[in-house]
Amino acid sequence: MKKNLPIFVAILLLLVAVFTVFFVARNGMTQTVSTKYVASNQDLGGFIGDVSDLFVNGSSSKINEEVYLGGYPLGITIDGDGVTVIGLNEFVAADGTLCCPALNAGIEINDVIVELNGRKIYGSAKLSEIAAGSNGQELPLKYLRQGVMKETTITPVKDLTSGQYRLGLWTRDSSSGIGTLTYVRKNLKFGSLGHPITDAKGSIITCKNGGVFDCTIDGIEKGQKGAAGELKGGFCFDRRIGNIYANNKFGAFGTFNTLPQFCDNAIEVADISEIKPGKAQIYCTLGSEGRKCYDIEIVKVTPQSSRDDKGMVIHVTDPELLEKTGGIVQGMSGSPIVQNGKLVGAVTHVFVNDPTRGYGIYAKWMMTN
């Protein structure tokens, strides 16, 4: 037995060594697989991150937030460097005489006003604000005419009707227009349009600042095959109700100064997995009757694991809406889409060759801005 002891010990040690190597190798292989998986996540970047938003432990996650439904028109401006004069306007002064301070100052249509009373002008609202607070004092003014900087002075005059000091001109911001509010969050932040505000070349305008104004719809240009229709309306620069802080692929986003009066009942935001082809509704304002609900059909739902636009194809079926607008028209961008009592998205584009059809963006992508 003593003679065999060294052999027995050797065999025992060999078995221990083999077991140890196997154990380490096994653990090492498991670790390597895990590391490769993590590396794959990193390589895929945002895709994996967005999928994890949609699927947690094998089930669809939801935003778990309720918002106030939009469907109301907004006057939206994106401020740029100066404002362009598009018209000169005579008005009745407090003393009963007709006047036009801008004309008296030598201002012409297409001049670009860049500074008033030593303050940079980025939007029409600021121009009106400085004039209103002038108390009728003469103000220095700088403007561009065909690219050449010029200087003059202008004296605002009190308007008999409004009681405000005015300059007697109409101006256009770097970009301004009418869009539709999609939703309002309980912290006063809102989303609108569902697509970016772009310049004439189609480039997204960088948002330095922007304003939101009360807006009224007073006319409709009906859409037809080959020509998109349009909602016509106007907004007052002395009735600013909020600010725009972002303009991107998914819409124009901002904050209201106070919670709008229509924000009384909140609605749940649907997850993308809940949206199905079938009946739905859109909410929009087409005139003095206020916001109304119209029937549509969601024709196609595109699976999207990361943020993108054009998630749905919709078809207007409501006879009243078709009679009024011919389908989807400019100015309706941002109109909320509701299905089964939940906000699912917003109208964004119209098919030019078929104005009864268009695209919608998922509300979830707007909400993640």
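Only the coordinates and a few stated rules stand behind these numbers; no lab work does. Treat the numbers as computed from the prediction; the structure is a model and nothing was measured. Here the Cβ is made from the backbone with ideal geometry for all residues, glycine too, and neighbour counts use every protein chain on show.
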Amide H of Thr155: which non-local residues (sequence gap of 5 or more, or other chain) have their own amide H closer than 5 Å, using H built in the peptide plane? Leu139
For Gly229, distant residues with modelled amide H under 5 Å away: Gly223, Gln224, Gln330
Counting sequence-distant residues (5 or more places) and residues on other chains, those with an amide H built under 5 Å from that of Thr182 are Gly71, Gly191, Ser192, Leu193
Fully extended contour minus Cα-Cα distance, from Thr258 to Leu188, at 0.36 nm per residue: 24.5 nm
Okay, which of region 330-353 sit inside 17 Å, backbone N to the point 7 Å along the Cα-Cβ direction of Glu65? 336-337, 342-346
Between Glu289 and Asp308, what length comes free when the chain is fully extended (0.36 nm per residue of separation minus the Cα-Cα distance, one decimal in nm)? 3.5 nm
Going by a ≥ b ≥ c, the root eigenvalues of the Cα gyration tensor, does region 181-264 fall in the rounded group (a/c under 1.5), the prolate group (a/b larger than b/c) or the oblate group? oblate
Indicate the gyration tensor shape class of region 164-215 (rounded, prolate or oblate), computed on the Cα atoms with a ≥ b ≥ c the square roots of the eigenvalues: a/c under 1.5 is rounded; otherwise a/b larger than b/c is prolate and the rest oblate. oblate
FRET efficiency for Asn369 and Thr161, Cβ-Cβ distance as r, R0 = 45 Å, nearest 0.05? 0.65
Round to the nearest 0.05 the FRET efficiency obtained for Glu221 and Leu322 when R0 = 22 Å and r is the Cβ-Cβ distance. 0.90
